[in-house]
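Quick notes on the structure that follows.
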Amino acid sequence: MNLRALAARVVNQVAAQGRSLDTVLPPALGQVRAPRDRPLLQQLCYGTLRWQPRLAWLAGQLLNQPLKARDAELGALLWVGLYQLEHLRIPAHAAVAETVEAARALGRPWATRLVNAVLRGYQRRGAELNRRADGDPVARHAHPDWLLERLRTDWPGEWEAVVAANNRQPPMTLRISRLHHPDPAAYLERLAAAGLDPRPVPGQPWAVSIDPVAEVRSLPGFDHGEVSVQDAAAQLAAVLLEAAPGQRVLDACAAPGGKTAHILELTPGLAELVALDISAERLGRVRENLDRLGLGCTLSSGDAARPEGWWDGTPFDRILLDAPCSATGVIRRHPDIKLLRRPADIPELARTQAAILTALWPLLRPGGMLVYATCSALAAENEQVVEAFLATHGDARERPIAAGWGLARPVGRQILPGQEDRDGFFYARLEKPAEP
Ligand SMILES: C[S@@+](CC[C@H](N)C(=O)[O-])C[C@H]1O[C@@H](n2cnc3c(N)ncnc32)[C@H](O)[C@@H]1O
């Protein structure tokens, strides 16, 4: 099928049906006959979603009247067409011709003239329209209104840098296995020899960004577990947990297992690591990841907010709560978040986060420590959850994080999206004093 038509279908499934890109893109990639065309489909989908609020504004200016709801897929095709003209180096005549042809592939031959007129209109009026788009905050920053408002409120001095970072393509960051490479230098040399231009991450010797983006299987030693793909901010969780051999550790929201694997690489000799997730299906991903890395732990499927369903009654020395969240810190990697999240999701998520934190606290041994983490950039899911928890739990106190990364908050530390080219993450550490 025509690549632009496939892209429009994918983008529309996200925009109109609220489905995630991770769910709808793989089957579409499977429909692309020539493997060399797959990266373009991927780029069309990611790029169009990244800029969708601006592209929708531009399409609105170029259409004489709004499209009917049943033609939403056609609307998505216009965004795909505009994205190519604005952001890709494909010759304009080819981009227009392919997009016009896609209308036919989508079963709307009547719309070929409309698509042609909109795209040609953009070629003529692009400069003027882009000037006007910059006067509209949603189009200018390519973010939904509600999210701009929240970011402005939470980050009055930083929100513009945050939205700009959300609109940039992220680096591909790797975690070198300490088990295989107690000294990461030799692995960095292998990356360089493979032409992958390794860029070490400050203060994180086993984290490295590479350029260009590589297919994971082509990374040196990937199949043997020498390396994993994980953003540098996510690589801080296992370090902050400070687990030690002999301890019992709970990774409470573990799938797909990036942080689980890192804890195991960092601390051989744990008494037990329990990787819990509410989704049995997603736990399968943890198993696959651990198998590749030659690692093992106890996998448990259950609701972290209801330990009575899965806890054996033995307390944990360390708990990592990488809580379900809005993912507003990782929009640069998941641009579909801009369309999928709704303002009402945030208080709902904050309630879930508080419920899980409260339910897990009794499972922590006195003298133990819990790390609360999210990939959210919003205070309501981060410091506000932890502050409210501390206010109602006399046996919990913060263990401050002394670090060079991120920003100190009333409790915990926040890395904003793009800060030192890391994903947006929040971390807070809570300890339970040892019994006298
Ligand atoms: C942010 S992801 C975790 C990422 C993971 N820690 C990693 O580093 O690969 C959140 C996970 O929480 C799980 N989850 C959501 N609600 C949960 C609950 N009530 N109990 C346990 N797991 C839950 C989701 O299925 C999802 O896999």
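Restricting the search to helices (runs of 4 or more DSSP H) fully inside the range 1-105 and requiring at least 2 residues that are touching a helix residue (DSSP H, G or I) at 6+ places or on another chain (Cβ under 6 Å), closer than 24 Å to residue 141 by Cα and in contact (Cβ under 8 Å) with a residue 60 or more places away in the chain gives 3-17, 38-62, 72-87.
This table checks each residue for (1) touching a Lys or Arg at 6+ places or on another chain (Cβ under 6 Å); (2) outside the structural domain of residue 186 (by TED's automatic domain parsing); (3) among the aliphatic types (A, V, I, L, M).
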site: 224; (1), (2), (3): no, no, no
site: 250; (1), (2), (3): no, yes, yes
site: 275; (1), (2), (3): no, yes, yes
site: 285; (1), (2), (3): no, yes, no
site: 296; (1), (2), (3): no, yes, no
site: 301; (1), (2), (3): no, yes, no
site: 307; (1), (2), (3): no, yes, no
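Counted as qualifying within the range 199-279 are the strands (runs of 3 or more DSSP E) with 3 or more residues that are closer than 16 Å to residue 296 by Cβ, namely 248-251, 272-277.
For first residues located in the range 246-271 and closer than 23 Å to residue 182 by Cβ, partners that are within 7 Å of the ligand (Cβ to nearest atom) and assigned to a loop (DSSP other than H, G, I, E, B) and lie 6+ apart or on another chain with Cβ distances below 7 Å form the pairs 258/234; 259/234; 260/254. If you check residue 343 against the conditions, is it surrounded by 24 or more Cβ atoms within 10 Å (Cβ to Cβ) and under 30 Å from residue 42 (Cα atoms)? It is false that residue 343 is surrounded by 24 or more Cβ atoms within 10 Å (Cβ to Cβ) and under 30 Å from residue 42 (Cα atoms).
If the condition is being more than 10 Å from the ligand (Cβ to nearest atom), under 22 Å from the mean Cα position of the chain (by Cα) and aliphatic (A, V, I, L, M), then the range 272-292 contributes only 290. Taken together, the residues in the range 242-252 that are closer than 14 Å to residue 371 by Cα and either surrounded by fewer than 24 Cβ atoms within 10 Å (Cβ to Cβ) or small (Gly, Ala, Ser) (or both) amount to 3. Taken together, the residues in the range 165-192 that are in contact (Cβ under 8 Å) with a residue 24 or more places away in the chain, more than 16 Å from the chain's Cα centre (by Cα) and outside any strand (DSSP E or B) amount to 9. Looking only at residues in the range 293-317 that are under 25 Å from the mean Cα position of the chain (by Cα) and assigned to a strand (DSSP E or B), the one that is surrounded by the fewest Cβ atoms within 10 Å (Cβ to Cβ) is 301. A count restricted to the range 196-240 and to residues that are under 17 Å from residue 406 (Cα atoms), aliphatic (A, V, I, L, M) and within 16 Å of the ligand (Cβ to nearest atom) stands at 9.
For the range 1-18, filtering for residues that are surrounded by fewer than 16 Cβ atoms within 10 Å (Cβ to Cβ) and modelled with pLDDT of 95 or more leaves 3.
Selection of the range 316-338 for residues being of a type outside the set (A, V, I, L, M), touching a residue at least 60 places away in the same chain (Cβ under 8 Å) and within 21 Å of residue 23 (Cβ to Cβ) yields 322, 324, 328, 329, 332, 333, 334, 335, 336, 338.
The values are calculated or read from the model by the stated rules, or taken from the named source; none is laboratory data. These numbers come from a predicted model, not from an experiment. Every residue, glycine as well, gets a Cβ built from its backbone with ideal geometry; the counts of neighbours run over all protein chains shown.
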